Amino acid sequence: MENTSFLNLIIDHLAQFSHYTAFANMTFGNIVMIIIGLCFIFLAIAREYEPMLLIPMGFGILIGNIAFAPGLQIGINENGSVMNYLYLGVLHGIFPSLIFLGIGAMTDFSSLISNPKLILIGVVAQIGILCAYGIAMSLGFLPSEAGAIGIIGGADGPTSMFLSSRLAPGLLGAIVISAYLYMALTPVIQPFFMKLFTTKKERLIRMKPPRTVSKIEKIIFPIGGLLFTCLFVPAALPLLGMLFFGNLLKESTVTKRLSDTVKGPMIDVVTILIGVTIGTSTQASTFLTLKTLEIFILGAVSFVIATIGGVIFVKILNLFLKEGNKINPLIGNAGVSALPESARISQVVGLKYDKTNHLLMHAMGPNIAGVIGSAVAAGVLLSFLS
């Protein structure tokens, strides 16, 4: 009898244990999401598409879709779990602000300061945001959701994260993954449209070397930039305040240790946490929906329109510029704020037509303007949609 009771006890424990395994709770959707996570990791390692983002995000998708019985306090949406606490940095806009701080400390604004008209390219490229917003509204999304979806056109992951956490937290995972994915696929998407909307003659335009920018100009720019943008759009303060502060740390040259910290260890840690937590938030039950598919399509449309808009605007601008002062329209793609990837694409495509025509430093101007422009656009949308 004792042996029988002991055997029954073991069987009961094994049955209870099996209830808590992933195999007992796994759905077909979880399997699909795990495959998607593996695809992200493959793209990062085999194709080197933004590996710093796609590897943490892909692995986070694997973590988020290991099914488990509720109540163990291990899921990202379960109060008190470790992942839930880490995810607060996304939900409350902490991580995006820290990323902008690091970007500011990493970025040289000289190309923009030396040629201020390049700001216009970054401004016009935000047309993708407006178009996606209008299309999303026509598809039945709420105004707040449409605004959060539209910002994907800026190809700025932290800005998309900041705005969607405020306007559409229920769509946050889909919006942020869409934004980061299009950032990663910039080398695949943008060159086609850059070539399609330019002539060979335009691609060979040589621009004057940027003038040398003084130290005082570099110090004044982040201070002036903060006051000019945020006095008009205070809602952008969490992003632009950190961006310009980080740049001042860099350009002042008296806070090198702080600058090195925020552009090195800090931004690396925050990037890891963003990728893993956003990936973990993509449980199949909430992610695999028609809305998610619509968001990815709208994000692609927004990104393409922004790229085309920047290129065409440069072509129009050249009609009013004298010979010798014209802008190569291949840098128009850099108006989207995939920093610095879209500027690199300008350089790569330009070199295919003239191996001595280096466009990188010129393209950094609209690229930086795009970062600022998308943050301003996010502030504007937050102001009247929240």
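The values are calculated or read from the model by the stated rules, or taken from the named source; none is laboratory data. None of these values were measured; they are calculated from a predicted model. Positions of Cβ are backbone-derived with ideal geometry, glycine not excepted, and every protein chain shown enters the neighbour counts.
Structure notes:
- Pair list, Cβ < 6 Å and 6+ apart or interchain, from the range 353-375 residues that are surrounded by fewer than 24 Cβ atoms within 10 Å (Cβ to Cβ) to residues that are among the charged types (D, E, K, R): 353/203; 357/206
- Cβ pairs under 6 Å, 6+ apart, first in the range 150-172 and of a type in the set (Asp, Glu), second buried (at least 24 other Cβ atoms within 10 Å of the Cβ) and at pLDDT 85 or above: 156/374
- Test: residue in the range 96-106 that is modelled with pLDDT under 90, under 30 Å from residue 310 (Cα atoms) and within 16 Å of the chain's Cα centre (by Cα): no
- Of all residues in the range 162-198, those that are within 8 Å of the chain's Cα centre (by Cα) and over 14 Å from residue 50 (Cα atoms) total 1.
- In the range 311-353, the residues that are assigned to a loop (DSSP other than H, G, I, E, B) and more than 15 Å from residue 198 (Cα to Cα): 320, 321, 322, 323, 324, 325, 336, 337, 338, 339, 340
- Scan of the range 207-229 for residues that are over 13 Å from residue 101 (Cβ atoms), surrounded by 15 or more Cβ atoms within 10 Å (Cβ to Cβ) and in contact (Cβ under 8 Å) with a residue 60 or more places away in the chain, ordered by number: 207, 210, 213, 217, 218, 221, 225, 229
- Candidates 195, 263, 250, 215 - the one that is basic (Lys, Arg) and farther than 21 Å from residue 370 by Cα: 215
- Residue 130 meets all of the listed conditions (1) part of a loop (DSSP other than H, G, I, E, B); (2) under 27 Å from residue 377 (Cα atoms); (3) free of Cβ contacts under 8 Å to residues at least 40 places away in the same chain but one, namely (1).
- Considering residues of the range 35-54 that are crowded, with 17+ Cβ neighbours inside 10 Å and more than 15 Å from the chain's Cα centre (by Cα) only, the residue farthest from residue 86 (Cα to Cα): 43
Here's the yes/no breakdown for (1) among the small types (Gly, Ala, Ser); (2) touching a Cys at 6+ places or on another chain (Cβ under 8 Å); (3) closer than 14 Å to residue 281 by Cβ:
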residue: 29; (1), (2), (3): yes, no, no
residue: 34; (1), (2), (3): no, no, no
residue: 41; (1), (2), (3): no, no, no
residue: 55; (1), (2), (3): no, no, no
residue: 77; (1), (2), (3): no, no, yes
